[in-house]
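Report on the structure given below.
The values are calculated or read from the model by the stated rules, or taken from the named source; none is laboratory data. Remember, predicted model here, so these are calculated numbers, not experimental data. For neighbour counting, all protein chains shown are included, and Cβ atoms are generated from backbone atoms with ideal geometry for every residue, glycine included.
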Amino acid sequence: MKNQTYTSHLVFLLKVKIMVRKTIEFNLNQQAQSLTVDPAMPLLWAIRELIGLTGTKFGCGKGLCGACTVHLNGMAIRACITPIEVVANQEITTIEGIQSEHPVKQAWKEQDVPQCGYCQPGQIMSAVALLKQNPKADLNQIKSGMAGNLCRCGTYQAILQAILQAQAMQATQFAQVKGNNHEA
Amino acid sequence: MKRREFLKLTAVVSGSLLIGVQWSCASDNMTESDQRLNAWVQIQADNQITFIIDRAEMGQGVLTALTMLLAEELEIEPKQVKTEFAPVADVYKNPALHSQVTGGSTSIAMAWQPLREAGAKARELLLLAAAKTWQIEKSQCYVKDTKVWRKDNQQFLTYGELVDVARQLSPPKKVRLKPASQYRFIGKAIPRLETADKVEGNAEFGIDVSLPDLLVAVVIHPPVFGSQVESFDASKAKQKAGVVDIIEIPQGIAVVAQSYWQAEQASQLLEIQWKTVDLDSLDSTIIQQNQAELVKQTGRLIHQQGQTAQALIDKADARQTLSVTYQTPYLAHATMEPINCTAWVTEHQCSIWVPSQAPEWNKSTAKEITGLSEEQITVHTTFLGGGFGRRVCPDEIAEAVTISKRLKKPIKVLWPREQDIQHDYYRPATYHQLKASFDANKQQVKAWQHKFVCPSILSWMLPHLVQSESPSWLPETIKDLSGKIAHGVFTKWLVDDTSVEGTNIPYAIPNQTVEYIYYDPGIPVGFWRSVGHSQNAFVVEGFIDEIANQLNQDSYLFRRKLLQDHGQALAVLDRVAEMSQWHQNSNHPSRFLGIAQHYSFGSYVAQVAEVSIHQQSIQVEKVYCVIDCGQVVNPAIVKAQMQSAIVFGLTAALTGEITIEQGRVTQHHFDDYQLLRINQMPEVMVDIIPSENAPSGVGEPATPPIAPAVANAVYQATKQRLRSLPLRLT
Ligand code: FES
Ligand code: FES
């Protein structure tokens, strides 16, 4: 189904008169992608409509809600305002590319965070990036780091608990790894 | 209300048992497809148990809670049950709303009895089947973990293995439901069943629906309400890559493209002339002026107790009266998942995929547009990225079906956020005048008068719901009403309950008058989480607080004194005062408490908000919340809904406002229609009153008290009494 959409898209592109297009190559969840598209197309729509990965959500298209958050080389970005040409030859990770066992996803499940769930992929992607950059973030740093992600269902309290839990889990994992190395 | 009977139906899918429901009036000779449609529970030979969820899952946890009710009596782990969202059929009607709609915080209350009975009857049937197979008494068998066991030798048969025998038996007419002491799931914080899918990004929302050759449409609606396309020039837009077609439809101009982004970009190049309409000159200030004038009139009397309050207040010495006005603005729903619908209309079929609270209404919308019969139309309900009352309106369904019919292609209509903010069905803007009089010693309240100006939501909803030919699903009462709508029924004869709900106060004030004045400026209004309660609780809980202050009485104790005849309201109030350490905390130098209580959707909620003021801005630090919602099916979900409803109400209290300029909505986006963010989130503490009463509403009742609780706390902090929303210090 995805391929069909993609093929018909390409067929269409060949037919039109005025049209800028460019082949953009990048890695998505560690798989090579090559898309011939309008380089201004936001990454969000390339991921959702051309590649067919729909975990990344559309909420505003203006960088105001965080629903479309993905990682560019491990940093959280808003895919809705990132033209695809910016990610050429870069590494993109979406919610589907974060392992189920990742402490953030684990904590999210244990805290049963989602309500409607629509904002959650974006929340998780922001949280993963935040803890990567600042594993010891305190409560205020977590709050400001997550302030770009809206949740209309109001799951904020559960999100904070999940991030604190993930932080603790990561710290233990880290300690274990360190301990193991020490023994070796 | 018709009584629903659960019964066994002959198996239609080979080797599986369908447990269906039948309206007591329905015929016994159902066709095979009827039987499929009527199925609620399917037990397959391989022991796979599928449960049809007849309500929309929009975050409120209904998928998990309904499954728990069934699982409790059927003796299966909720997580072993496979769930599917229901198609449109009579059996899935919500008895409280007479149609297949999720709303009014009714899902659990309505399912509480029938679903447990369904589970119990299925269980008894399987027990009978096992007893028959083993040629022993039923009492020699018991059920556990989707198996029936023999007491004597611990052999077992799975439910699936019993299907063939069970379907030749008649289910018991009466069953005994478990006493609460034996509940395994009900009352426990069972994790939500769809959490993993939502965390992994696998849950399918309407926006995620994918079909071969699917095209995406962006519809540009008239900026001024009620306007229409005069003419348009699409030549520039058509040049845009990916654009397939641009057509005029009744709702506006639809730009159809290969991808959403292409459609949205092209839509900005449209040149559209809109017809001029009366509303072109409407502004929020005009609406307010009109409301302020109208509120002086005598309204429709909707509540009267003792003597007419007006007379008493007029007679009283000015020092013994209080007279103020309150206002609330229009509010948008702003569900996180933008409005969308996918439709595929062919000559003989219409399929719709939509995140909707009202699949039945969507079907009748599609029926009217396509001219197809009900059997030819299928509605697939996906997960909803938020609902809050917005997703009962069928606009986007009408658009998708219309465009698909015209283009003969599968179409996904997806609204840009601006279209959502600007073309919602808003919570009504209202205006209230309140008066009270006291005795000479300022010890007691003698009279309470509340007059308010408000449009009618039902008068906006009905035209949507009433299709050309009187649809079969429309309940008689509504059919009756709909005919009268054209004659302004809500202006003259009827009072729309959604306007007045929450104004009939529980406080023991001897003389009370409540009057309602209908005024509709022409801005579309709709159901917004907790509906009339959301604005009316702000007003009455604010005013009662003012009265307490006037009489120099403590806000909590004053309410307490006037609630002596309302045990449940009193209990939540006392508990929240205790949790918040009301008396000790009242003396804190920089934290200020405000209290409010409100009864809605069958549940009692009391809240205390703790606020601090920083450079003229209101910060809500903590919220204490107590609910009595009868028996609790899943306390974790109840607590989550309390937090959710509080956040929703806080957005309205602190920032929410839709204003009108020249007939159009001023706000566009999340920058000028701001939602509460995590860094503004108070700590919320929730307590649930234990109860043996039947379950009542959970999704909405915690929204109404939060705005007044915050306003009352702000008064303690600043001595400024804020009487309009959003709360702004001067
Ligand atoms: S969709 Fe990208 S920030 Fe809202
Ligand atoms: S869970 Fe619904 S918007 Fe966040």
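Those helices (runs of 4 or more DSSP H) of segment A:68-184 in which at least 3 residues are within 13 Å of chain B (Cβ to nearest Cβ) and over 28 Å from A:ASN27 (Cα atoms), considering only elements entirely within it, cover A:139-146, A:156-183.
When restricted to residues that are of a type outside the set (Lys, Arg), over 21 Å from B:TYR425 (Cβ atoms) and either over 19 Å from the mean Cα position of the chain (by Cα) or away from chain A (no Cβ under 14 Å) (or both), segment B:344-391 contains 19.
Here A:GLN141 meets each of (1) within 14 Å of ligand 2 (Cβ to nearest atom); (2) surrounded by fewer than 24 Cβ atoms within 10 Å (Cβ to Cβ) with one exception, condition (1). Considering only residues in segment B:421-460 that are among the aliphatic types (A, V, I, L, M) and in a loop (DSSP other than H, G, I, E, B), the one that is nearest to the chain's Cα centre (by Cα) turns out to be B:ALA429.
Tally up the residues in segment A:60-73 that are more than 6 Å from ligand 1 (Cβ to nearest atom), on the phi > 0 side of the Ramachandran plot and in contact (Cβ under 8 Å) with a residue 60 or more places away in the chain, please. Give the steps one after another, and end with the answer.
Step one: of segment A:60-73, the residues more than 6 Å from ligand 1 (Cβ to nearest atom) are A:62, A:69-73.
If we keep only those that are on the phi > 0 side of the Ramachandran plot too, we end up with A:73.
Those still in the list that are in contact (Cβ under 8 Å) with a residue 60 or more places away in the chain too: none.
Residues flagged as more than 6 Å from ligand 1 (Cβ to nearest atom), on the phi > 0 side of the Ramachandran plot and in contact (Cβ under 8 Å) with a residue 60 or more places away in the chain within segment A:60-73 amount to 0.
Counting only residues that are out of contact with any Phe, Trp or Tyr (no Cβ under 8 Å at 6 or more places or on another chain) and of a type in the set (Ser, Thr, Tyr), which one in segment B:103-161 is surrounded by the most Cβ atoms within 10 Å (Cβ to Cβ)? That would be B:TYR159. Scanning segment B:674-716 for residues that are more than 10 Å from every other protein chain (Cβ to nearest Cβ), part of a loop (DSSP other than H, G, I, E, B) and over 21 Å from the mean Cα position of the chain (by Cα) returns B:ILE689, B:PRO690, B:SER691, B:GLU692, B:ASN693.
Pick out the one residue from A:VAL177, A:VAL86, A:VAL113, A:VAL128 that is without any contact (Cβ under 8 Å) to a residue 60 or more places away in the chain, in the same structural domain as A:SER34 (by TED's automatic domain parsing) and of a type in the set (Val, Ile, Thr).
A:VAL86
Go through the residues of segment A:95-113 one by one and say whether even a single one is at pLDDT 95 or above and within 16 Å of ligand 1 (Cβ to nearest atom).
Taking every residue of segment A:95-113 in turn, at least one turns out to be at pLDDT 95 or above and within 16 Å of ligand 1 (Cβ to nearest atom).
Residues that are buried (at least 21 other Cβ atoms within 10 Å of the Cβ), more than 7 Å from every other protein chain (Cβ to nearest Cβ) and not basic (Lys, Arg) within segment A:36-50 comprise A:VAL37, A:LEU43, A:LEU44, A:ALA46, A:ILE47, A:LEU50, listed in sequence order. The criterion of at least 3 residues that are within 13 Å of chain A (Cβ to nearest Cβ) and touching a residue at least 12 places away in the same chain (Cβ under 8 Å) is met by the following strands (runs of 3 or more DSSP E) wholly inside segment B:129-248: B:215-220.
Within the option set A:GLY117, A:GLY122, being in contact with a Lys or Arg (Cβ under 7 Å, 6 or more places away or on another chain), of a type outside the set (Asp, Glu) and on the phi > 0 side of the Ramachandran plot holds for one residue only, A:GLY117. A:LYS57: more than 7 Å from chain B (Cβ to nearest Cβ), in a loop (DSSP other than H, G, I, E, B) and either on the phi < 0 side of the Ramachandran plot or modelled with pLDDT under 95 (or both), yes or no? In short, yes.
In segment B:501-592, counting only helices (runs of 4 or more DSSP H) that sit wholly within it, the ones holding 2 or more residues that are at pLDDT 95 or above and more than 23 Å from B:LEU294 (Cα to Cα) span B:532-550, B:555-562, B:567-579.
Could you please give the count of residues in segment A:145-173 that are within 15 Å of ligand 2 (Cβ to nearest atom), over 20 Å from B:VAL686 (Cβ atoms) and not hydrophobic (A, V, I, L, M, F, W, C)? Residues in segment A:145-173 being within 15 Å of ligand 2 (Cβ to nearest atom), over 20 Å from B:VAL686 (Cβ atoms) and not hydrophobic (A, V, I, L, M, F, W, C): 2 in total.
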